[in-house]
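The next block holds one structure in the form of structure tokens; read it before the comments.
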Amino acid sequence: MEANIERAFSRRYIFALWFPLALSVTLMMLEGPAVQGAIARLGAPALNLAAYGFVLSIQLIVESPVIMLVSTAIALATNAQSYRALKQFVLWLTIGLTVLVGVLAWTPLFDFVGGSVLGMPASIVAAGRPAMQIMLFWIAAIGWRRFYQGILVRYGQTRRVSFGTALRLASEVAVAVGGALWGGISGASVGALALMVGVTVEAAAIYLMVRGCVRENLTQETGIREPLRLPAILRFHMPLAATSLLTLVVQPMTSAALARLAMPRDTLAAWPVVFSALLVMRGWGMAMQETTIAQAKDRRAHAPLRSFTLLVAGATTAATALLAFTPLVDLYLRNVIGLAPELLGLARTGIRLGILLPAVTALSSWLRGLLVAKSATGIVYRGMMINLAANGSALLLGVALRLPGVPVAALSLTLAMIVEYIYLRSRAGAREAASTTPVRAEGWLGGRRAAAEGTARNAD
């Protein structure tokens, strides 16, 4: 009987919920190769690929507070009052971040961050400024659509999430191809315009699709044990926002290291291609976090979730090996991305050295989901802090020893992910997660916060 229950959970609540999310993540990750392919076919491809990667890394850092809004909405959007409180929080958060992007894009602060902080060559910084200005409202659009995506996931409407992402990718490809054919603006600006148009289309589509879900599930005030207030939202979301920030610091930190090694322009141009290719392969594992958060409240789903995660980890690793160690890798880099011949060897090596990343990503995402579902967001934050420390240490060692740039970046990222997984496993491994003892709710920076229990009650 119990086996039948677990199979039912696996069929109905895991695969059906996970597959559209995995498809959505994969489609989203394809935007990197699509945009990079357009940039590579315009003038000064190495310069513009490097400038595009530099601007995107800055935008992603500023964007970090909104990335985990999906997880926060899944856990906390339980009734009309909590929905209104979260919506107001998202509004003020996105306004503040948009102002910050404007200050960066139109003041000398951009030159300071790019040149003095990250050590980028002046030519790359100059080529990146117009792209930064084009993406002024990029973070605002992302914040709103991720908030509403979380509501769709909480109430089982994940197919709409993947449909919105498909519209985003189609819009980005259309703009990228049009920009490449026109050739009237730089490659970095074409990439920025494609991203801006794509995320705006997706945000509008998600908003239209979520309205029925909100009317059906989030208009009733009944069942409120304790109103959701801003302090509770911050206690829950701040560690997740900090986790995203630390995650996104990895890219500019890696770029800063590559800028200080041999052949900086070539390695800075090749690494974004490597990173995007590996992100595509890791996307199916990343979807395990939201899938787990949505299901982990029911203990009967824990064992099937673990088994399903192992399946995803094995399948994505096999797919990465197929890409990396067969002629597919050159076909992808040369014909799909249009990478310059002198960059092929660097990109090929990087993809091969990152072969373990998809498996570790799936396992870590599963553990993160279990912890977020139990409001233990402080553990998730500290896991990413350990990840960043390991990555930074490995990069520093590579710079000190003057090792080849792309292998240093790929191996540093892999080592950091493995170290984070070991920590998360030690705190919330499979046996602990499946036990009857709940994981202690932990607040900002891991302090013992009894108030987090109130957040958990709102998430029930």
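The values are calculated or read from the model by the stated rules, or taken from the named source; none is laboratory data. These numbers were taken from a predicted model, which means no experiment stands behind them. Ideal geometry is used to build each Cβ from the backbone, glycine not excepted, and the neighbour counts take in all protein chains shown. All accessible areas refer to the heavy atoms of the entire protein, side chains included, with ligands and DNA or RNA removed. Shrake-Rupley method; radii C 1.70, N 1.55, O 1.52, S 1.80 Å.
Odds and ends about this structure:
- Sorted peptide list for 376-383, 307-314, 210-217, 23-30, criterion being average Cβ within 10 angstrom, highest first: 376-383, 23-30, 307-314, 210-217
- Seen from a random direction on average, the alpha-carbon convex hull of the stretch 62-133 projects onto 5.6 square nanometres.
- Whole-percent carbon and sulfur share, accessible surface of the stretch 203-332, 1.4 Å: 65 percent
- The stretch 48-129, relative contact order [Cα under 8 Å, separation at least 6], %: 48 percent
- Most to least packed among 338-351, 151-164, 405-418 [average Cβ atoms within 10 Å]: 405-418, 151-164, 338-351
- Counted by Cβ distance under 13 Å from Gln149, the other residues give a net charge of +4, where Lys and Arg count +1 and Asp and Glu count -1.
- Segments 256-264, 91-99, 71-79 sorted - mean Cβ within 10 Å per residue, highest first: 71-79, 256-264, 91-99
- If you take all other residues with their beta carbon under 11 Å from the beta carbon of Cys213, and give Lys and Arg +1 and Asp and Glu -1, the sum is +3.
- Between 0 and 90°, nearest 10: helix 357-373 axis offset from the chain longest Cα axis: 30 degrees
- Cα-based helix-to-principal-axis angle, 45-67 vs the chain, degrees rounded to 10: 20 degrees
- For the stretch 35-143, the fraction of 1.4 Å probe accessible surface lying on carbon and sulfur atoms is 75 percent.
- For the chain, adding -39500 (n - 2.57) for each run of n ≥ 4 DSSP H residues and dividing by the number of residues yields -26000 deg cm²/dmol at 222 nm.
- Over all pairs of different C-alpha atoms in the stretch 185-257, the reciprocal of the mean inverse distance, the Kirkwood hydrodynamic radius, equals 16.7 Å.
- Karplus-derived 3J(HN,Hα) values for the stretch 187-203, using 6.51 cos²θ - 1.76 cosθ + 1.60 with θ = phi - 60°, are x, 5, 5, 4, x, 5, 5, 4, 5, 5, 5, x, 6, 5, 4, 5, 4 Hz; glycine and proline are entered as x.
- Accessible-area order (highest first, 1.4 angstrom probe) of the listed residues Met132, Met281: Met281, Met132
- Options Leu208, Ala242, Ser82, ranked by Cα towards positive dipole end of the chain, top entry (Cβ charges): Ser82
- Computed Kirkwood radius, in angstrom, where 1/r is averaged over Cα pairs of the stretch 140-217: 13.2 Å
- Global geometry of the stretch 1-155, whether rounded, prolate or oblate, following the gyration tensor of its Cα atoms and the 1.5 cut on a/c: oblate
- Principal-axis tilt of helix 377-401 within the chain, Cα atoms, nearest 10 degrees: 20 degrees
- Cα Rg, Dmax, the chain, angstrom units: 21.4, 66
- Accessible surface computed residue by residue for the chain, with neighbouring protein chains in place and a 1.4 Å probe, gives 39 Å² per residue.
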